[in-house]
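What follows is a set of notes on a single structure, which appears directly below.
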Amino acid sequence: MPNMPPVQDHSVQGLPGSRSTTTEEDNSSQPHITAMTPTESPSSSSSSSCSSGTKHSKGSVSKSRREPPAADLPVIKSTPAHSSVDPEERDPKTSVATGTSSASTSSSLAIGEVRIDGVSSDSEVSGDRLTARSRRGSRKLSFDPVSLSILVVDDDPVARRIIQHCLEEAGYRHITCCATATEALEQLFNTAGSMFHLSLIDVHMPDVNGFDLLRRIRTDTRLGMMPVIMMSAADELEVVYHCLQDGADDYILKPIRKEAIQNLWSNVWRKRRDHRQLSSMASEQSELSVRLGKMTDQLQQLRCQVDEAVETPINVITRTITDMVKNGNLTPEVRHTLSSIVKSLGASNLYQPAFRRFLAPSSPSSTPRIDDQTRRWLQAELSITSSPHTSAAVGISHAAPAASTHEIPKLRSWDFPVHEHTLNELCSCVPHLLRDFGLIDRFRIDCDKLDNFVVAVRHSYQANPYHNFRHAWDVMQCTYLMLSLGRAAEFLTPIEILSLLLASLCHDLDHPGFNNVFQVSTRSPLALRYNDLSVLENHHCAEAYRILSQPECDILENLSADEAKETRRLFISVILGTDLARYHMEIYTKFKSVISTFSAEDASHRELLMQVILKSADISNPARPFPIAAYWSRKVMREFFEQGDAERELGLVISPTMDRHTVKSANTQANFIHFVVEPLFSAVCEFLPELAATCKPCDHLRDNKTRWQQFLETEERGQPSPASPDYPLHQASPQLERAAPSTSD
């Protein structure tokens, strides 16, 4: 057999999401490989190689490159798998290269001993025969798909026969069928699961159902490497979510088709790859922890040396006051005052007020006078901005009252009374949220343009019952709480914090009050523009940058080209992630898998955290104290019912939870908490324990879910609950129901 060229690409071809980059030099150095079944003759192989020799992967070969003659193509015969050989110990020399069709991004792979190509290649699949012409080196699988042992658990004998037949048709040979979960448990635990590489389990079975069997498998450490795929005829999100939450690797609809199980072996490959990566990451994390500990000790020693060497008056005063706070017998008021003094003395902008006065434009008669060019240079070099002030922005007939510094503690409250403030007051709070992280100074944001931007954003929100500017501000404040009280900001860079806060304010810009399903069903102009994909989320991003493109609202004008590019990329990424139907499960599952191995040095981990923070803030209403949660519930149910009315009038199928004649509002809220909000916030609180300790969102969720379940009985008796849009206002919290004069949501 000819020598194989060295492997130069470790990406996996033929699996979802794989990518490859092929250069002319790489292509020219790789031989072409043809796989044959054991019954084929070399002559037939040669002819098939010649027939495929004229095909090219799109864009992978330059016009000047010439194809080698078919006679030069090496021929490798496949060796039938033997069940007695462990998949991990098979001889790599018996493997056969495979490829995927260049005409499509995904195609079925034939079952046999395979190599997974690092790049796209032409292939033909017919039964157990696969002809592939690899354009680059390939990777050897750590197992042989044919030798995989599969356990099928289904109480329906007809379904078991169909599944077994499909598996055999796909090339799998070692199949064990069980009629009950009890029988399957005996098979698994009597052999410690060592004889099975993958399980297919039906969800609905008598005695012990599929969920219970799945949980038994996932709680046994001996079966941790075995992928479990659940099967059911129920095409329901709740069932799918339940399976994935309990640890299933995939979900297949019944009746089973051959196409659905053709690539079951990829689950085994993916499970082992993830295990290797987690082991490697755990080892690296351990090494980094040791290094970090040593660096912390060295830093502490250096700090002590500096403190001893540098005895400035500020140092002496700060240390003296700190010792008094720690050791003195002081009243709480005095202790708090002294702590505030220490904090002020240690601030990085201690001298900025004096610099601002020094750099302030002088009158012609005063001396000395600093020219504008020097002033701008000093401001840029010293990161000094002009004093914040309120502008007479377009759209407001009077200046919005600025929030004073004592408002910041109120903003850091999980039960912030957003409905006790006018929209003007909420607008004036936005700069404080940015200034609290030092973003205005760091990125030299013009305060006049920031005021203009906030007002333009406010007026771009429509007067919907729920998706309005008040909701947008509420989401921004929740994001701010996760960054500050939850200390998520410690994991992010300043440009990421800026992008996240701005995205939270703009995440529902120009929302029409009707969701993506309605846009697609009615073929609205927005659905046509964005090709039915995350229609509203794409529109929100476009509207935000339309506002930012106006010179008087361009708050990002002083960002560098790289910073502006990164801000836009992150801005779009986190807003698209709020598409609940399209991305919720994907983002939630990814985040759960990286909590224990999260690294602030990994940009993809930080971006995932940003997506989770905005998603959580967007659906945080049920996690607030009950009066606030009930208020928002009435708002969202009113908007839902208005869409249902429009769908009924247009003759469309009324969307779930939107038919005012059949939907129980309390039940909608309880289910939304149970299946969507509670799992996500559980993960967030696991990652941000400070948020769980200070704000207690999970406690509020449990309490609110119990209340909604109790109110369901009220609705079933024909009476409105606090979640109903027609709930009597005099029975609600008067503070929350108070509408600010001359303002609009």
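The values are calculated or read from the model by the stated rules, or taken from the named source; none is laboratory data. Everything numeric here is computed off the predicted structure, so don't read it as measured data. A quick note on method: Cβ atoms are made from the backbone with ideal geometry, for glycine too, and the neighbour counts reach across all protein chains shown. All accessible areas refer to the heavy atoms of the entire protein, side chains included, with ligands and DNA or RNA removed. Shrake-Rupley method; radii C 1.70, N 1.55, O 1.52, S 1.80 Å.
So what is the relative contact order for region 409-475, in percent, with contacts set as C-alpha pairs under 8 Å and at least six apart?
Dividing the mean separation by the residue count of region 409-475 yields 30 percent.
Expressed as a whole percent, how much of the Cα-Cα distance distribution for region 663-712 exceeds 12 Å?
Roughly 60 percent, rounded to a whole number.
Can you give the accessible area of Arg335 in Å² (nearest 10), computed on protein heavy atoms with a 1.4 Å probe?
Near enough 80 Å² of accessible area.
Place the peptides 449-455, 291-297, 423-429, 657-663 in order of packing, highest mean first, counting for every residue the other Cβ atoms within 10 Å and averaging per peptide. Kindly include the intermediate steps, with their values, before the conclusion.
Numbers: 449-455: 23.3, 291-297: 10.1, 423-429: 20.7, 657-663: 16.4.
Highest to lowest by the protection proxy: 449-455, 423-429, 657-663, 291-297.
Leaving out ligands, DNA and RNA, what percent of the accessible area of region 481-534 is carbon and sulfur, probe 1.4 Å?
56 percent
Per residue of region 275-280, in order, report the coupling 6.51 cos²θ - 1.76 cosθ + 1.60 (Karplus, θ = phi - 60°) as ³J(HN,Hα) in whole Hz, putting x for Gly and Pro.
Working through the residues one at a time gives 5, 5, 5, 5, 4, 5 Hz.
Output wanted: per-residue J couplings in Hz (rounded whole) for region 462-475, from phi through Karplus 6.51 cos²θ - 1.76 cosθ + 1.60, θ = phi - 60°, x for Gly and Pro.
7, 7, 7, x, 10, 7, 9, 5, 5, 5, 4, 5, 4, 5
Residues of region 205-244: accessible area per residue at 1.4 Å, in Å²?
Heavy-atom accessible area per residue stands at 49 Å².
With all protein chains present, how much of the accessible area of region 237-293 (probe radius 1.4 Å) comes from carbon and sulfur, to the nearest whole percent?
53 percent
Just the accessible area per residue of region 152-198, please: how many Å² with a 1.4 Å probe?
So region 152-198 comes to 45 Å² accessible per residue, rounded to a whole number.
Of the peptides 591-601, 275-285, how do they stack up when ordered by the mean number of other Cβ atoms within 10 Å, highest first?
591-601, 275-285
Round to a whole number: what % of the accessible area of region 579-709 belongs to carbon and sulfur, probe 1.4 Å?
Within region 579-709, the accessible surface is 53 percent carbon and sulfur.
If you add up the charges near Phe189, with Lys and Arg at +1 and Asp and Glu at -1, over every other residue whose beta carbon is less than 11 angstrom from its beta carbon, what do you get?
Charge balance in the 11 Å sphere: 0.
Using a 1.4 Å probe and counting only protein heavy atoms, arrange Leu237, Leu548 so the residue with the most accessible area comes first.
Descending order: Leu237, Leu548.
A 19 angstrom limit on the alpha carbon distance is what I want to check against. Which of Lys590/Lys615; Lys271/Lys590; Lys271/Lys592; Lys664/Lys705; Lys635/Lys664; Lys592/Lys705 exceed it?
Lys592/Lys705, as the Cα separations exceed 19 Å there.
Please calculate how many Å² of accessible area region 454-590 carries per residue, with a 1.4 Å probe and no DNA, RNA or ligand atoms counted.
Numbers: 5030 Å² over 137 residues.
Ligands and nucleic acids excluded, the result is 37 Å² per residue.
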